[in-house]
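Heads up, the thing below is written out as structure tokens.
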Amino acid sequence: MAICREVGGFSAWDYVVFGAMLFISAGIGVYYAFAGGGQNTRESFLMGGRRMTAFPVALSLTASFMSAVTVLGTPAEIYRFGIMFFFFAITYIVVVVVSAEIFLPVYYRLNITSTYEYLEMRFNKQLRLCGTGLFLILTILYTGIVIYAPALALYQVTGIHLWGAVVGTGIVCTFYCALGGLKAVIWTDVFQAVIMIAGFLAVIIRGTIVQGGFGNIINDTYHGGRLHFWDFNPNPLQRHTFWTIIIGGTFTWLGIYAVNQSQVQRYLSCKNSFQAKLSLYLNLVGLWIILSCAVLCGLIMYSIFKDCDPWTVKCVSAPDQLIPYLVLEILQNYPGMTGLFVACAYSGTLSTVSSSISALAAVTVEDLIKPYFAFSELKLSWISKGMSLFYGAVCIAMAALASVLGALLQAALTIFGMIGGPLLGIFSLGILCPFANSMGTFIGLVCGFVLTIWIGIGSHVYKPLPSRTLPLHLSVTGCNISSVSIGGYAMTPTDLPALVMETSERPVLADYLYSLSYLYLSTVGTLMTVAVGIVVSLLTGGLQQKVDKKLLLNKEDLFCNFSFFKSKEETEKVLNWKPSNEGIVNPAFNHIEMNTTDSRKGNGVHM
């Protein structure tokens, strides 16, 4: 039988390194609680006073995007399925350019705090509340899972105390969010991004030395089929191909970068639109660095475990435990190195959770409190701090609930991923389609959600066959065991009849609609929402409405901050552009337009 490494407890130096990461993160929150006179206004607490610069915001965007799920999951993805995942480097380019040049100019021009404010300005209050409610519920659910799932994986392999880590990181995260506001969140993200890179580099450097150089790693991964990535199969049912990653991945991550409050809130905190756009483009470099490090760790992991897969022989119980297991194999004899990697993974957790807490507080104050209650700025700042404390406690409680959900964890993550598509669809309708009205957009949103939830639930009940996911071979020839490995599972001849029966009982949709690549869920949701929204809007008088130019993308917005694309006069005109006093003609603003219709004879739709 294969001999698995016994789980050893954290050493004193590991706890020192991990504790130092938490202590510094908390210290940043304390500093920004008092720096510059403290966080005495809603604007300073939730938006950093809108005085942030590009570099820290860029690192914050990167850190909050790369959660602990990414730190643990991406190397396992490369290990099991090969380097195809690296095509996301191209996807990130498209996502950043579209977010910076299409969505950001509109948000920044309106000076909004909550992303969903745009939905009321463009459509009506009901759509705003709909978007807000979905964001609150699903962000809380997802954040609880982000806290618990990596903690469980690290506990099962490294032996770090499970609930001590969950509650400790949750309290520290809530502490600096409630004290220092968005400034503290952004600067702790900067620190945590450095820790994430340091943890990856420790694995890369030591793993390369263990394997006798990077050439041996490339040789092992090449012969193991991990370097094959030129797959241009257009079949949307195949899990990863060039097209699913580029097209599906673009829609999936646009649902985060273009419309999700957690990301939008950061780049809107910049002091001007140039800094906001620059933060997105600098963030692209950060995404490439983190992705490259994670991919290299996956290749090194395969090179080390190529003859004895720990997952197949049950040394670990899930793929996301592979990278912590590797860390124990190659770094446990170096004091503090295991602690550094755990700090790396938890930095991903802290950055994601802090961005969620800050976004939840901002959305609650801006969408549910400020419009209905007349509070001073000082009171709103204290309410914002209270909301940060409240949501921190809720997320920790959600982590406790996640611990008993079992198989529903994957379903919850799938549902959270599916909402990005329909939400991206309604924002796209608002910004790109001047004829889209509230009725068409709402019906489009409903249709998009129904379709993606239907597909998502079906794919959870009926798992895609190996012929769709294409897991690569994992060997156990060096483990001195007799079972045969197929895609990470030990199978015997007696298992085959059950497998044949299970396959024959699958409904027709299971091997078609339900087997759609998970990356296409957001694509389907977005396209369905936009298509239905356009048709219904045209049928319900969308062409007769007037929409203020400031709520739409204008040709002057594209690359408006980069002078080599435009003349100096054009650039200054766009940068100095101020919102007009014109109203918006749609069902949400009819009471405003009724008073000015007579003075606008002959006006058409603003384009």
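The values are calculated or read from the model by the stated rules, or taken from the named source; none is laboratory data. Note that the coordinates shown come from a computational prediction; the quantities given were computed from them, not determined experimentally. Glycine gets a Cβ as well: all are built from the backbone with ideal geometry, and neighbour counts include every protein chain shown.
Within the range 116-133, track down each residue that is touching a helix residue (DSSP H, G or I) at 6+ places or on another chain (Cβ under 7 Å) and free of Cβ contacts under 8 Å to residues at least 60 places away in the same chain.
none
Against the definition (surrounded by 19 or more Cβ atoms within 10 Å (Cβ to Cβ), at pLDDT below 95, over 20 Å from Gly48 (Cβ atoms) and not charged (D, E, K, R)), how does Thr74 come out, yes or no? Quick ask: steps written out before the conclusion?
Working: surrounded by 19 or more Cβ atoms within 10 Å (Cβ to Cβ): yes; at pLDDT below 95: yes; over 20 Å from Gly48 (Cβ atoms): yes; not charged (D, E, K, R): yes.
Yes: the conditions hold for Thr74.
Would you check if Leu368 is at pLDDT below 90, in a helix (DSSP H, G or I) and surrounded by fewer than 18 Cβ atoms within 10 Å (Cβ to Cβ)?
When the stated conditions are applied, Leu368 does not pass them.
Please pick out the residue among Pro335, Pro310 that is over 25 Å from the mean Cα position of the chain (by Cα), touching a residue at least 12 places away in the same chain (Cβ under 8 Å), surrounded by 20 or more Cβ atoms within 10 Å (Cβ to Cβ) and part of a loop (DSSP other than H, G, I, E, B). Give the steps one after another, and end with the answer.
Details: Pro335 fails: surrounded by 20 or more Cβ atoms within 10 Å (Cβ to Cβ).
Just one listed residue meets the conditions, Pro310.
Quick grid of which residues meet (1) of a type outside the set (A, V, I, L, M); (2) touching a Pro at 6+ places or on another chain (Cβ under 9 Å); (3) at pLDDT below 90:
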site	(1), (2), (3)
Val203	no, yes, no
Ile245	no, no, no
Ser269	yes, no, no
Leu280	no, no, no
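Hey, can you tell me all the residues within the range 167-183 that are among the β-branched types (Val, Ile, Thr) and under 20 Å from the mean Cα position of the chain (by Cα)? Let's see the steps before the verdict.
The first filter runs over the range 167-183 and keeps only residues among the β-branched types (Val, Ile, Thr), leaving 167, 169, 171-172, 174.
Once the filter is applied, which keeps residues that are among the β-branched types (Val, Ile, Thr) and under 20 Å from the mean Cα position of the chain (by Cα), the range 167-183 yields Thr169, Thr174.
Each row is one residue, and each column tells you yes or no for (1) of a type outside the set (Gly, Ala, Ser); (2) surrounded by fewer than 24 Cβ atoms within 10 Å (Cβ to Cβ); (3) in contact (Cβ under 8 Å) with a residue 12 or more places away in the chain.
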{"residue": "Ser355", "(1), (2), (3)": "no, no, yes"}
{"residue": "Ser358", "(1), (2), (3)": "no, no, yes"}
{"residue": "Ala361", "(1), (2), (3)": "no, no, yes"}
{"residue": "Thr364", "(1), (2), (3)": "yes, yes, yes"}
{"residue": "Ala374", "(1), (2), (3)": "no, yes, no"}
{"residue": "Leu378", "(1), (2), (3)": "yes, yes, yes"}
{"residue": "Ser384", "(1), (2), (3)": "no, no, yes"}
{"residue": "Leu389", "(1), (2), (3)": "yes, yes, yes"}
{"residue": "Val394", "(1), (2), (3)": "yes, yes, yes"}
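Being more than 14 Å from Lys306 (Cα to Cα) and either outside any loop (DSSP other than H, G, I, E, B) or small (Gly, Ala, Ser) (or both) is true for just one of Thr208, Thr221. Which residue is that? Please lay out each step first, then the result.
Details: Thr221 fails: more than 14 Å from Lys306 (Cα to Cα).
Just one listed residue meets the conditions, Thr208.
Among the listed residues Ala531, Ala498, which satisfies the condition of being out of contact with any helix residue (DSSP H, G or I) (no Cβ under 7 Å at 6 or more places or on another chain) and modelled with pLDDT of 75 or more? Full working, then the answer.
On the way: Ala498 fails: modelled with pLDDT of 75 or more.
Just one listed residue meets the conditions, Ala531.
Inspect the range 129-141 for any residue being surrounded by fewer than 24 Cβ atoms within 10 Å (Cβ to Cβ), touching a Phe, Trp or Tyr at 6+ places or on another chain (Cβ under 6 Å) and at pLDDT below 90 and give the result as yes or no.
Yes - at least one qualifying residue is present in the range 129-141.
Could you identify the single residue in Val316, Val295, Val327 that is outside any helix (DSSP H, G or I) and of a type in the set (A, V, I, L, M)? Explain how you work it out, then say what you get.
Working: Val295 fails: outside any helix (DSSP H, G or I); Val327 fails: outside any helix (DSSP H, G or I).
Residue meeting the stated conditions: Val316.
Just to be sure, is Ile24 modelled with pLDDT of 85 or more, surrounded by fewer than 21 Cβ atoms within 10 Å (Cβ to Cβ) and either among the small types (Gly, Ala, Ser) or touching a Phe, Trp or Tyr at 6+ places or on another chain (Cβ under 9 Å) (or both)? Step through it out loud before you land on a result.
Numbers: modelled with pLDDT of 85 or more: yes; surrounded by fewer than 21 Cβ atoms within 10 Å (Cβ to Cβ): yes; either among the small types (Gly, Ala, Ser) or touching a Phe, Trp or Tyr at 6+ places or on another chain (Cβ under 9 Å) (or both): yes.
Considered against the rule, which asks whether it is modelled with pLDDT of 85 or more, surrounded by fewer than 21 Cβ atoms within 10 Å (Cβ to Cβ) and either among the small types (Gly, Ala, Ser) or touching a Phe, Trp or Tyr at 6+ places or on another chain (Cβ under 9 Å) (or both), Ile24 comes out as yes.
So which of Ile246, Ile171 ends up being surrounded by fewer than 23 Cβ atoms within 10 Å (Cβ to Cβ) and within 21 Å of Phe85 (Cα to Cα)? Before the answer, list the steps.
Numbers: Ile171 fails: within 21 Å of Phe85 (Cα to Cα).
The unique qualifying residue is Ile246.
Quick check, is Tyr148 assigned to a helix (DSSP H, G or I) and without any contact (Cβ under 8 Å) to a residue 60 or more places away in the chain? If you could, list the steps in order and put the result at the bottom.
Numbers: assigned to a helix (DSSP H, G or I): yes; without any contact (Cβ under 8 Å) to a residue 60 or more places away in the chain: no.
So Tyr148 does not fit the description; no.
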